[in-house]
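What follows is a single structure, written as structure tokens, with notes after it.
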Ligand SMILES: [Zn+2]
């Protein structure tokens, strides 16, 4: 972990998103779910985007989803990502309906990628305080 040289997350609202990072550290995926209308939503924000109530909770989800779309990065803008090319920058649609930006790992890039392929969450412990949620073929 100590040799991780890529940029680490810098949450816009660390207090709001801390439960997500704490769950990732436990290798669990949680996303916001409205207590009023039951909608899941992503990204985290103070109010539910469906009913605008500020009454939601972090909710454990399966971590299963499908590859909505992707691009294969061959020339990263940040040189620290050079050793990873080619890698998949993806939008994953979770079973719960929300879409997250992530990477696809444990997969042949690009030949192993296909839109709509089943995926499951994978947890990358990159630093003591940071675990990144990625996805791998299910
Ligand atoms: Zn709502």
Taking region 32-53 and keeping residues surrounded by 12 or more Cβ atoms within 10 Å (Cβ to Cβ) and without any contact (Cβ under 8 Å) to a residue 12 or more places away in the chain leaves 38, 43, 47, 49
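Condition check: touching a residue at least 40 places away in the same chain (Cβ under 8 Å) and in contact with a helix residue (DSSP H, G or I) (Cβ under 6 Å, 6 or more places away or on another chain). Does residue 5 satisfy that? It would help to see each step written out before you state the result.
On the way: touching a residue at least 40 places away in the same chain (Cβ under 8 Å): yes; in contact with a helix residue (DSSP H, G or I) (Cβ under 6 Å, 6 or more places away or on another chain): yes.
For residue 5, the condition - touching a residue at least 40 places away in the same chain (Cβ under 8 Å) and in contact with a helix residue (DSSP H, G or I) (Cβ under 6 Å, 6 or more places away or on another chain) - is met.
Among the strands (runs of 3 or more DSSP E) confined wholly to region 1-101, which include 1 or more residues that are farther than 18 Å from residue 130 by Cβ, more than 16 Å from the ligand (Cβ to nearest atom) and at pLDDT 95 or above? Even if it seems obvious, please write down each step before you answer.
On the way: elements: 30-34, 56-60, 64-73, 87-94.
The qualifying strands (runs of 3 or more DSSP E) are 56-60, 64-73, 87-94.
The values are calculated or read from the model by the stated rules, or taken from the named source; none is laboratory data. Here the structure is a predicted model, which means the values were calculated and not measured. Note: ideal-geometry Cβ built from the backbone for every residue, glycine included; neighbour counts use all protein chains shown.
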